[in-house]
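S.K.: Dropping the structure in here first, questions after.
The values are calculated or read from the model by the stated rules, or taken from the named source; none is laboratory data. Here the structure is a predicted model, which means the values were calculated and not measured. Glycine gets a Cβ as well: all are built from the backbone with ideal geometry, and neighbour counts include every protein chain shown. Quick note on the areas: whole protein, heavy atoms, side chains included, nothing else; ligands and nucleic acids left out. Shrake-Rupley method; radii C 1.70, N 1.55, O 1.52, S 1.80 Å.
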Protein chains: 2
Amino acid sequence: MDLSSMIENEARTAKAASRKLAVTRTDVKNKALLAMADALEKNENTERILAANAKDVENAKKRGTRASMIDRLALNEKRIHDMAGGLRQTASLPDPIGEVVSGTVRPNGLEIRRVRVPLGVVGIIYESRPNVTSDAIGLCVKSGNAVMLRGGSDAIESNRAIVSVLEGAAYGAGIERGAIQFIDSVDHESVGVMMGLKGLLSVIIPRGGAGLIRRVVEHSLVPVIETGSGICHTFVDESADLDMAVRIAVNAKTSRPSVCNAMETLLVHEKVAEKFLPMLAEKMRAKDVELRGDERSREIVADMKVATDEDWATEYDDLILSVKVVHSIDEAIDHINRYNTGHSETIVTRDLVNAHRFQSEVDAACVYVNASTRFTDGFEFGFGAEIGISTQRIHARGPMGLTEMTTTKYIIYGDGQIRE
Amino acid sequence: MDLSSMIENEARTAKAASRKLAVTRTDVKNKALLAMADALEKNENTERILAANAKDVENAKKRGTRASMIDRLALNEKRIHDMAGGLRQTASLPDPIGEVVSGTVRPNGLEIRRVRVPLGVVGIIYESRPNVTSDAIGLCVKSGNAVMLRGGSDAIESNRAIVSVLEGAAYGAGIERGAIQFIDSVDHESVGVMMGLKGLLSVIIPRGGAGLIRRVVEHSLVPVIETGSGICHTFVDESADLDMAVRIAVNAKTSRPSVCNAMETLLVHEKVAEKFLPMLAEKMRAKDVELRGDERSREIVADMKVATDEDWATEYDDLILSVKVVHSIDEAIDHINRYNTGHSETIVTRDLVNAHRFQSEVDAACVYVNASTRFTDGFEFGFGAEIGISTQRIHARGPMGLTEMTTTKYIIYGDGQIRE
């Protein structure tokens, strides 16, 4: 059978299974999640996964993959325990399915309830990190969704082993067979096939680099939820507590520069720039951050590199920060609304009106006052888990927890009503 | 300037205006809606719109357009009053913008609120009915969205006149200039241009025939909300009150056969088919409905035409009904889940377990017990207005009111929090 037919068949199987999974009770789903967690930690399974992962790491090294990518790929016992811990935490979360979102009785006696139901089959296309495999399966099972996974080719051995362990445990615990589908192919075309499965997949969530996300958005017939692209800003207002501003900026830039909620550009009000930028530069230098400034910034801190228009539009994901002096909060808001990706933005200020204006007028999923953008995260927001951070506006915006993996359905009771 | 640059410029203008409209107060928006309603009913404006509409109708007749389409296109004073009434009703609805959907304080003191905000710029591509122009503008203004309209070429004169009257009134009442954009071109390519405006349009809602919707879904880079495709079923269970079942079926098929919530296929349990189908056939014949049956149905009612597999997959939008006898509720649910478009389905039954199973297992936006599918409608559901009926699962499902024209944003207050 060719790749395309094989994947379509898997999707049909997933869709059929999704109908059963949608009406599977919470206690069965939770039992399955705990069984999956236990299975990961069983010695023979842990060893099997680590052996598979060692092959992936070896292959990556042979290809000359850079160290930071190998770190994302590599598993060890602790990381497998963390995956199991994630599944147990997902088991402990409330089940969103069945929630009555609203309900009314119409004048004609029709009783209308809007209830939460699963999306159906969720397609996830991701890169590198094998823990996504376990997280995604856990979140889909809990939210009653079948799942079709297409992981990165560099993690194929690890992903195959993880899926094999998890689906065995899930099906053994009563999850409908076929609800977990893994595309066991490194053929690039498999992504294209998934994107054509309209009517079988309800949604595709790409998790990975900008190139992957662009490709999926441009070509998918299945609705897409865009995640993870983050050009995040910190604006230091004229009334800011400058020590706090330095702490927030350093945290936003350096605590984990490769992630989407890290800061890429700092804007500072001209009235405090002369005092603030040297303070900032000293701390950033100590963390090996390369600074790139506009003209005014470089007048204040001479050894900054030159920031071009391209810098404002770049997600470095690295220890690089672009810096710009602005004349007003309006200029700051305009700059952010022009260059941001709709992810996370923060203002450091003591001014009530400016704080309110910034939060109202900046167009992003998460807008902070006096805190680091690094908090944009399902766990930090208290969702207990996260399938990604949506930077689009429809369906889900910001960290996506279990609720964002559902849709609703209207259930209407009558006693013979007809419409005049 | 070429068409593509012109439309892109209009979209940029709309996007800029959307930022102002997003923070425009409810009283200003309501005043604008009332001013728009008054403007429509001003004699000179009514006459101008009717004169423009007369041209459209004349052109349609010249092209040999069929009577039912001309009826959808034609305006008269009453229809213009109804448009004004719709705007006034929209003014009277609660403003969804600013609603605090949820809010928590995290252990680290971060205060997180999720608030409702507009989508941004809503693109609407529609056919024929000029009242959609007024409805769509009203709903977008109320929900704080800028709007880009692309109506059908057959209604271009009417739409141009309506938009001109409404935007004058809206801008005069304080709505940001540029928030209402109308693509004044019958060039088919304009639809293609709109579909490429990713980053400027937040969403495109196509309203029209299956061909239009398919084209938009397949080619749009902007997220799409699919609306209006409806292969709706009525299942007459063995325990049904058969008189009620006939009333519901006749209403679902004949009260307005051209709309998406009309029934296309009736399924009946074999245990009651012999009694029910003759009752049904008599009433349907009296309403000039053509019946097409499977083999067993035609054994009972001899003069039915033959229903083929194609019939099960057809939205007639006409006085035609396909009929099938099923052996069980399972067969009914399977048939519906195979052929429906996810719109509206109903079961007529007295059986508690079957009612519950049908509502749980049938996969559609609206699932009824003992009522006509014709109730799937924003007004009937009590939303007061409707931009369309979504048959997809993400973002919105079922009738879309003002709330479905919004997204949310996280607003986070801190006092210097950084992430460890």
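S.K.: Of B:102, B:134, which residue is of a type in the set (Ser, Thr, Tyr) and over 21 Å from residue B:158 (Cβ atoms)?
M.R.: B:102
S.K.: Residue A:303: open to solvent by 60 Å² or more (accessible area, probe 1.4 Å), out of contact with any Lys or Arg (no Cβ under 8 Å at 6 or more places or on another chain), under 29 Å from residue B:407 (Cβ atoms) and among the acidic types (Asp, Glu), yes or no? Spell out the reasoning first.
M.R.: Values: open to solvent by 60 Å² or more (accessible area, probe 1.4 Å): yes; out of contact with any Lys or Arg (no Cβ under 8 Å at 6 or more places or on another chain): yes; under 29 Å from residue B:407 (Cβ atoms): no; among the acidic types (Asp, Glu): yes.
Considered against the rule, which asks whether it is open to solvent by 60 Å² or more (accessible area, probe 1.4 Å), out of contact with any Lys or Arg (no Cβ under 8 Å at 6 or more places or on another chain), under 29 Å from residue B:407 (Cβ atoms) and among the acidic types (Asp, Glu), residue A:303 comes out as no.
S.K.: May I ask you to list the residues in region B:390-406 that are β-branched (Val, Ile, Thr) and open to solvent by 10 Å² or more (accessible area, probe 1.4 Å)?
M.R.: Listed by number, the residues that qualify are B:391, B:403.
S.K.: Taking region A:125-146 as the region of interest, how many residues are over 16 Å from the mean Cα position of the chain (by Cα) and on the phi < 0 side of the Ramachandran plot?
M.R.: 5
S.K.: Taking the options A:379, A:383, name whichever one is of a type in the set (Phe, Trp, Tyr), in contact (Cβ under 8 Å) with a residue 12 or more places away in the chain and either open to solvent by less than 10 Å² (accessible area, probe 1.4 Å) or more than 7 Å from chain B (Cβ to nearest Cβ) (or both).
M.R.: Testing whether each residue is of a type in the set (Phe, Trp, Tyr), in contact (Cβ under 8 Å) with a residue 12 or more places away in the chain and either open to solvent by less than 10 Å² (accessible area, probe 1.4 Å) or more than 7 Å from chain B (Cβ to nearest Cβ) (or both) leaves just A:383.
S.K.: Looking at region B:272-281, is at least one residue crowded, with 22+ Cβ neighbours inside 10 Å and either within 14 Å of chain A (Cβ to nearest Cβ) or within 30 Å of residue B:122 (Cα to Cα) (or both)?
M.R.: no
S.K.: Go through (1) closer than 30 Å to residue A:324 by Cα; (2) surrounded by 22 or more Cβ atoms within 10 Å (Cβ to Cβ) one by one and return the number of the condition residue A:243 breaks.
M.R.: (2)
S.K.: Name the residues in region A:112-127 that are away from chain B (no Cβ under 12 Å) and either surrounded by fewer than 23 Cβ atoms within 10 Å (Cβ to Cβ) or aliphatic (A, V, I, L, M) (or both), would you?
M.R.: Result: A:124, A:125, A:127.
S.K.: From the list A:158, A:153, A:202, pick out the single residue that is within 23 Å of the chain's Cα centre (by Cα) and within 14 Å of chain B (Cβ to nearest Cβ).
M.R.: Within the list A:158, A:153, A:202, the selection yields A:202.
S.K.: Is it fair to say residue A:143 is surrounded by 24 or more Cβ atoms within 10 Å (Cβ to Cβ), within 17 Å of residue A:29 (Cβ to Cβ) and small (Gly, Ala, Ser)?
M.R.: Working: surrounded by 24 or more Cβ atoms within 10 Å (Cβ to Cβ): yes; within 17 Å of residue A:29 (Cβ to Cβ): yes; small (Gly, Ala, Ser): yes.
Yes.
S.K.: For region B:354-374, what are the residues that are within 7 Å of chain A (Cβ to nearest Cβ), farther than 18 Å from residue B:256 by Cα and assigned to a helix (DSSP H, G or I)?
M.R.: Matches in region B:354-374: B:359, B:360, B:361.
Each row is one residue, and each column tells you yes or no for (1) at positive phi; (2) basic (Lys, Arg); (3) at pLDDT 95 or above.
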| residue | (1), (2), (3) |
| --- | --- |
| A:163 | no, no, yes |
| A:211 | no, no, no |
| A:220 | no, no, no |
| A:236 | no, no, yes |
| A:250 | no, no, yes |
| A:254 | no, no, yes |
| A:267 | no, no, yes |
| A:275 | no, yes, yes |
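S.K.: Could you tell me whether residue A:311 is outside any loop (DSSP other than H, G, I, E, B) and facing chain B (nearest Cβ under 7 Å)? Before the answer, list the steps.
M.R.: On the way: outside any loop (DSSP other than H, G, I, E, B): yes; facing chain B (nearest Cβ under 7 Å): no.
Taking the combined requirement at face value, the residue does not satisfy it.
S.K.: I would also like to ask the following. For the list (1) more than 10 Å from chain A (Cβ to nearest Cβ); (2) within 23 Å of residue B:378 (Cα to Cα); (3) over 21 Å from the mean Cα position of the chain (by Cα), I need the number of the one condition that residue B:351 fails.
M.R.: The single condition residue B:351 does not satisfy is (2).
S.K.: From the list A:285, A:256, A:296, pick out the single residue that is of a type in the set (Lys, Arg) and surrounded by 17 or more Cβ atoms within 10 Å (Cβ to Cβ).
M.R.: After applying the criteria, what remains is A:296.
S.K.: In addition: Residue check: is residue A:220 in contact with a Lys or Arg (Cβ under 7 Å, 6 or more places away or on another chain), small (Gly, Ala, Ser) and more than 23 Å from residue A:345 (Cβ to Cβ)?
M.R.: No, not satisfied.
S.K.: Can you tell me which residues in region B:227-255 are within 11 Å of chain A (Cβ to nearest Cβ), closer than 12 Å to residue B:371 by Cα and of a type in the set (S, T, N, Q)?
M.R.: Residue satisfying the conditions is B:251 alone.
S.K.: Restricting the first residue to region A:280-299 and requiring it to be of a type in the set (Asp, Glu), which pairs with a second residue that is surrounded by 14 or more Cβ atoms within 10 Å (Cβ to Cβ) meet a Cβ separation below 6 Å and a spacing of at least six or different chains?
M.R.: These pairs meet every condition: A:288/A:319; A:290/A:320; A:294/A:307; A:294/A:324.
S.K.: Could you count how many residues in region A:170-195 are modelled with pLDDT of 95 or more and either crowded, with 24+ Cβ neighbours inside 10 Å or not in a helix (DSSP H, G or I) (or both)?
M.R.: Summing the residues that are modelled with pLDDT of 95 or more and either crowded, with 24+ Cβ neighbours inside 10 Å or not in a helix (DSSP H, G or I) (or both) in region A:170-195 gives 13.
S.K.: Here's another thing I want to ask about it. All but one of (1) under 24 Å from residue A:20 (Cα atoms); (2) outside any helix (DSSP H, G or I); (3) open to solvent by 10 Å² or more (accessible area, probe 1.4 Å) hold for residue B:334; which doesn't?
M.R.: (2)
S.K.: Would you check which residues across region A:12-52 are away from every other protein chain (no Cβ under 14 Å) and assigned to a loop (DSSP other than H, G, I, E, B) and list them?
M.R.: Of everything in region A:12-52, just one residue is away from every other protein chain (no Cβ under 14 Å) and assigned to a loop (DSSP other than H, G, I, E, B), namely A:42.
S.K.: Being in a loop (DSSP other than H, G, I, E, B) and more than 7 Å from every other protein chain (Cβ to nearest Cβ) is the filter here; which residues of region A:393-420 pass it?
M.R.: Passing the criteria: A:396, A:401, A:420.
S.K.: Looking for whichever is within 26 Å of residue A:145 (Cα to Cα) and open to solvent by 60 Å² or more (accessible area, probe 1.4 Å) here; the options are A:48, A:88, A:66, A:72. Which one fits?
M.R.: Values: A:48 fails: within 26 Å of residue A:145 (Cα to Cα); A:66 fails: within 26 Å of residue A:145 (Cα to Cα); A:72 fails: within 26 Å of residue A:145 (Cα to Cα).
Of A:48, A:88, A:66, A:72, the one residue that is within 26 Å of residue A:145 (Cα to Cα) and open to solvent by 60 Å² or more (accessible area, probe 1.4 Å) is A:88.
S.K.: Right, something else. Residues being in contact with a helix residue (DSSP H, G or I) (Cβ under 7 Å, 6 or more places away or on another chain) and assigned to a helix (DSSP H, G or I): count how many of those fall in region B:83-108.
M.R.: 7
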